[in-house]
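S.K.: Can you read through this structure? Questions will come right after.
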Amino acid sequence: MTEIRCPLLSLLVIVATVCLHGSAAQSKECTKTELADILFLVDGSTSIEERNFQSMLKFMKSIVNASTVGEKETRFGVILYSNEPKSVFTLNEYSSKGQVLEAIQALRLPTGNTYTGRALAYTLQYFEVEHGGRRLSKVPQILMVITDGEATDPAELKAPAEALREKGVIVYSIGVKGANQKELGTISGNPTRVFFVDNFIDLETLSKEICIDTPPECKKQKADLVLLIDQSRSISDADYSLMKNFTISLIRSFNVSQDLVRVGVAQFDSAPQHEFYLNRFATEAEVTKHILAMVQRNGQTHIGAALKFIKGYFQKSTGSRVGAGVSQNLVLMTDGKSADDVGPPAKVLRGMGIETFVIGIGDINQQQLKEIANKPFTVENFSSLASIKTNVVKTICDSVPPDPACSIDVAVGFDLPRPSGSQLLVAGLPLLRAALPEILRSAASIKGLCCVRHAVTPNFAFRLVGRAGQLLDDVGFEPFSEAVLEKVLKLRTSEPTYFNTALLTSFQEKFATQSKAKAKVLIVFTDGLDEDVRRLKDQSDRLRRSGVNALLAVALGGVRDSSQIQMVEFGRGFGFTVPLSVGMQSVGSTVLRQIETVADRECCDVACKCTGHEGGRGKPGTSGSKGGPGPKGHPGYPGDEGTAGDRGPLGFMGAQGSRGCQGPRGPKGNLGQSGNKGEGGDHGMDGDKGEQGTAGLAGAPGGKGDPGNAGNTGITGEGGVKGQRGLRGDPGAAGSDNSVVGPKGDPGNAGLPGDPGVEGVNGGPGIGGQEGPKGRRGPTDHRVSMERGAVEEEQATQVPPASGDPRGSEVSRASEESRDLLELRAGPETRDQAVWLDDGEPMDRRDNQATPGHKGGPAPWGPEEFQGKMAEMGLEYLDRKELRAMPVSMETLAFRGQLE
């Protein structure tokens, strides 16, 4: 049995349950991640098999499931890396838990090497605003690196990891199997954020051991925060440095400025020591600099004297805004037992409206700490301070000073089976019809709250909501009365109702617009969930964050799985394990205790109210005397609507009625014909000049103007690229004679053949020469052999032409010329076609027969015919003179033979 003293009433209660207020065990529990930007940097190298990659996905999904996902809550993004990093989805891409889980499941393994350093450098940009990062709004920035091996670029790890931490990114290193633990420490920069498992199966459950340090969004946007730090001799120099660092970390969780959160600091040992008041510093950097420069005095521990001294920090003259209604907060850190009394000065601080929070380190006096603050935090040593920072910040942000004026609003919703037509709300539900009045009457007056001496009367409201969230009926908040109960029991509905997100959203709106109470409770009577439990849980979390303090689900008969209904509930305290149902014994008193727990927590700042087990039913009492007749009861409930009766017979025609009222005015008639034109009126006076009108539309473009004057000559441009060599020009004029010998020119092209000269006079016969030696025998076909150089004449016996032949002289002349030397210059295609005219007897050209005396062979040709034949063959005739004038480089051929 444990004794618990109820605050403010000093009542001693014997309980059977132990309440923990910030114990070391409690500090190790992970809270749900409410607000953060979390990026997963996932190793996708070849060393990871597909089944192991699926284990990595399960780990990521477990982190997501342990968070409240939303655009204004926790956001997630994923980057895969191997040889190159690649962003799969950014922080602002998905805004619901379902979308994030689907995107993670769709990831595919890239394979490659493990370039972790390159991936860290790539990741930094994805915490910026354009990718959904909210660092400027003080939202925690988290990077979770998951890898199974050593980095391919270990030298590149340190620089990007430090850059991430400088930007305020908290890095968690998760290593599997072959990961290098030294590299993991380099990446995270903090050994408490390094996690290692031997295999991928253990990775799937590792998320239960990782508490992400993400303080929730603070409800106190404006606050005065004073820190009172122990500097007694029991604290070593190293522990004193840890405490100062923790103090700085705690302050960084708030928006420090003179307009938002003001900070003051004092120290104490045997006597208090002033450091700085609330109005001294306006920035976080100034506060941090002063705290780091503080020194320790090493005296005794006098907490009572320090609490008396610290009252001066909460005065208007020292920067306190207590007169403006700004929250006043004191955080005390100590590692020992006070040598003086702490109770009276602590009570004075509470009377001033100051919320006091105590952090006890090591061997401390729990009872002393509870006299100062109702919910002290305790840790075993100074190294464990960092593990409770999130809980301390959350408690400071969520706490409100006790207010003796406690008010409670209870809203009731219904999830009922489909009705058969229009019927009463409780028709066909006898257990609900009996339980609803019992619950409302039991909760009509709440007594025994710790901070309120009088009974508190809750207000009740009711609402019926359709499947899509449409209102079917709505009753506002008002104190309980039998009239209110009767109004609810008479509610009728013709549509089914559902326990879905639309119902919770509707009540969230109702509390936000209609309730100003300190304690807000929602009770839902349900026959089972009508939507996926994960979506309902997400909406339930949003309902809680909106200011509703508890959701109680009371099951109707026939509910198959009450455990799923309990997953959606919140705010029930230690009684959350007992499912609520309309058929349970004493359902009214059970629900009342749940409402009392919420009221104590919200109105009196009591985290839990411990009570004993419910006693057994007592023995029946003695029968009382018969009472007198009671008062007349209330009218019974209306019965169901009957069916329509048969139509009656036609009645007699009645007398004519009186004249009715004048009917409404008829519609406007058509426009009449135009009348005659009237006489012209007098000219009126000129009106006042009107206001300037708006600018007109732009006019059409004008015609083309005259050409302008020529501009000044521009700067000479750069020289152009050297052009190609041009064609050779025409020959120049003949120069003047001089004695200087010029360079040898290129050979000129061959000129055109000249006109044939005048036929010369036949010469007389020459003097007969001596008979030469007999020549060699020539070829039988008289063809010509091509030779380079001089032409060898073929010796043959020539028969002179017959006497009296008129062509004799012509043939003789042609033969002589042919024997003289015919030299031809031929191209490649005609080189072998060149022939020359042999002399012989003439032929009769008319009958193509040989003349008498001709030895046979082709007939001779005259000079004109010979040149003509050469022209047909594309050959050029050159005489000996022209041949000598040809360039040496030209190939010349001499031919002789018979022209075919």
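The values are calculated or read from the model by the stated rules, or taken from the named source; none is laboratory data. Not measured: the values here are computed from a predicted model. Using ideal geometry, Cβ is built from the backbone for each residue, glycine included, and neighbour counts are taken over all protein chains shown. These accessible areas exclude ligands, DNA and RNA; they are computed on the full protein's heavy atoms, side chains included. Shrake-Rupley method; radii C 1.70, N 1.55, O 1.52, S 1.80 Å.
S.K.: Specify the residue that is most open to solvent (accessible area, probe 1.4 Å); the eligible residues are those in segment 557-576 that are under 20 Å from G547 (Cα atoms) and of a type in the set (A, V, I, L, M).
M.R.: The residue in question is M567.
S.K.: Residues in segment 577-619 that are open to solvent by 30 Å² or more (accessible area, probe 1.4 Å) and modelled with pLDDT under 75: how many?
M.R.: Summing the residues that are open to solvent by 30 Å² or more (accessible area, probe 1.4 Å) and modelled with pLDDT under 75 in segment 577-619 gives 12.
S.K.: Among the residues that make up segment 476-492, is at least one of them touching a Ser or Thr at 6+ places or on another chain (Cβ under 7 Å), surrounded by 18 or more Cβ atoms within 10 Å (Cβ to Cβ) and not basic (K, R)?
M.R.: Yes: one or more hits.
S.K.: Right, A163: part of a helix (DSSP H, G or I), modelled with pLDDT of 90 or more, open to solvent by 60 Å² or more (accessible area, probe 1.4 Å) and closer than 30 Å to S253 by Cβ or not?
M.R.: On the way: part of a helix (DSSP H, G or I): yes; modelled with pLDDT of 90 or more: yes; open to solvent by 60 Å² or more (accessible area, probe 1.4 Å): no; closer than 30 Å to S253 by Cβ: yes.
When the stated conditions are applied, A163 does not pass them.
S.K.: For K516, are the conditions met, namely being closer than 14 Å to I408 by Cα and assigned to a loop (DSSP other than H, G, I, E, B)?
M.R.: On the way: closer than 14 Å to I408 by Cα: yes; assigned to a loop (DSSP other than H, G, I, E, B): yes.
Taking the combined requirement at face value, the residue satisfies it.
To keep it simple, each residue is scored yes or no on (1) among the charged types (D, E, K, R); (2) touching a strand residue (DSSP E or B) at 6+ places or on another chain (Cβ under 6 Å); (3) modelled with pLDDT of 90 or more; (4) over 25 Å from Q296 (Cα atoms).
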position: P215; (1), (2), (3), (4): no, no, no, yes
position: K219; (1), (2), (3), (4): yes, no, no, yes
position: Q258; (1), (2), (3), (4): no, no, yes, yes
position: R262; (1), (2), (3), (4): yes, yes, yes, no
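S.K.: Moving on. Taking only segment 283-313 into account, find how many residues are assigned to a helix (DSSP H, G or I), open to solvent by 30 Å² or more (accessible area, probe 1.4 Å) and among the aliphatic types (A, V, I, L, M).
M.R.: Qualifying residue count, segment 283-313: 3.
S.K.: In segment 527-560, which residue that is in contact with a strand residue (DSSP E or B) (Cβ under 9 Å, 6 or more places away or on another chain) and of a type in the set (D, E) is modelled with the lowest pLDDT?
M.R.: In this case the residue turns out to be D527.
S.K.: Filter segment 37-53 for residues that are touching a Gly at 6+ places or on another chain (Cβ under 8 Å) and not aromatic (F, W, Y); which is nearest to G77 (Cα to Cα)?
M.R.: Within segment 37-53, the match that is nearest to G77 (Cα to Cα) is L39.
S.K.: With respect to T186, is the statement that it is open to solvent by 30 Å² or more (accessible area, probe 1.4 Å), at pLDDT 90 or above, assigned to a loop (DSSP other than H, G, I, E, B) and of a type outside the set (K, R) true?
M.R.: For T186, the condition - open to solvent by 30 Å² or more (accessible area, probe 1.4 Å), at pLDDT 90 or above, assigned to a loop (DSSP other than H, G, I, E, B) and of a type outside the set (K, R) - is not met.
S.K.: Among the candidates S809, S803, S818, single out the residue that is open to solvent by less than 60 Å² (accessible area, probe 1.4 Å) and at pLDDT below 70. Full working, then the answer.
M.R.: On the way: S809 fails: open to solvent by less than 60 Å² (accessible area, probe 1.4 Å); S803 fails: open to solvent by less than 60 Å² (accessible area, probe 1.4 Å).
The conditions single out S818.
S.K.: If you take the residues in segment 633-666 that are under 30 Å from S422 (Cβ atoms) and at pLDDT 70 or above, which one is surrounded by the fewest Cβ atoms within 10 Å (Cβ to Cβ)?
M.R.: D646
S.K.: May I pose another question? For the structure I just gave you, tell me whether K516 is surrounded by fewer than 18 Cβ atoms within 10 Å (Cβ to Cβ), closer than 17 Å to Q594 by Cβ and at pLDDT below 90.
M.R.: Taking the combined requirement at face value, the residue does not satisfy it.
S.K.: Right, something else. Does segment 409-434 hold any residues that are open to solvent by less than 40 Å² (accessible area, probe 1.4 Å), part of a strand (DSSP E or B) and modelled with pLDDT under 85, and which are they?
M.R.: Scanning segment 409-434 gives a single hit, L424.
S.K.: Filter segment 332-355 down to the residues that are open to solvent by less than 20 Å² (accessible area, probe 1.4 Å) and touching a helix residue (DSSP H, G or I) at 6+ places or on another chain (Cβ under 7 Å) and list them by number.
M.R.: L332, M333, T334, S338, V342, G343, P345, A346, L349, I354
S.K.: Quick one: in segment 264-306, which of the residues that are among the charged types (D, E, K, R) and within 16 Å of V226 (Cα to Cα) is modelled with the lowest pLDDT?
M.R.: Looking at residues that are among the charged types (D, E, K, R) and within 16 Å of V226 (Cα to Cα), I get E284.
S.K.: So D202 fits all but one of (1) out of contact with any helix residue (DSSP H, G or I) (no Cβ under 8 Å at 6 or more places or on another chain); (2) modelled with pLDDT of 90 or more; what number is the exception?
M.R.: (2) is the only condition that D202 fails.
S.K.: Also, I was wondering about something else. If you go through segment 435-450 one residue at a time, how many are under 17 Å from F480 (Cα atoms) and open to solvent by 10 Å² or more (accessible area, probe 1.4 Å)?
M.R.: 7
S.K.: Checking L504 against (1) under 40 Å from the mean Cα position of the chain (by Cα); (2) surrounded by fewer than 20 Cβ atoms within 10 Å (Cβ to Cβ); (3) modelled with pLDDT of 85 or more; (4) among the aliphatic types (A, V, I, L, M), which test does it fail?
M.R.: (2)
S.K.: Pick from segment 314-338 the residues that are of a type in the set (S, T, Y) and part of a strand (DSSP E or B): which of them is modelled with the highest pLDDT? Before you say what the answer is, go through the steps one by one.
M.R.: Within segment 314-338, the subset of a type in the set (S, T, Y) is 317-318, 320, 327, 334, 338.
Filter once more, so that each one left must be part of a strand (DSSP E or B): 327, 334.
Values: S327: 90, T334: 93.
The selected residue is T334.
S.K.: Here is a check on your reading of the model: is V400 within 43 Å of the chain's Cα centre (by Cα), more than 14 Å from T497 (Cβ to Cβ) and at pLDDT below 90?
M.R.: When the stated conditions are applied, V400 passes them.
S.K.: Assess whether F499 counts as being buried (at least 20 other Cβ atoms within 10 Å of the Cβ), in contact (Cβ under 8 Å) with a residue 60 or more places away in the chain and not charged (D, E, K, R).
M.R.: So F499 fits the description; yes.
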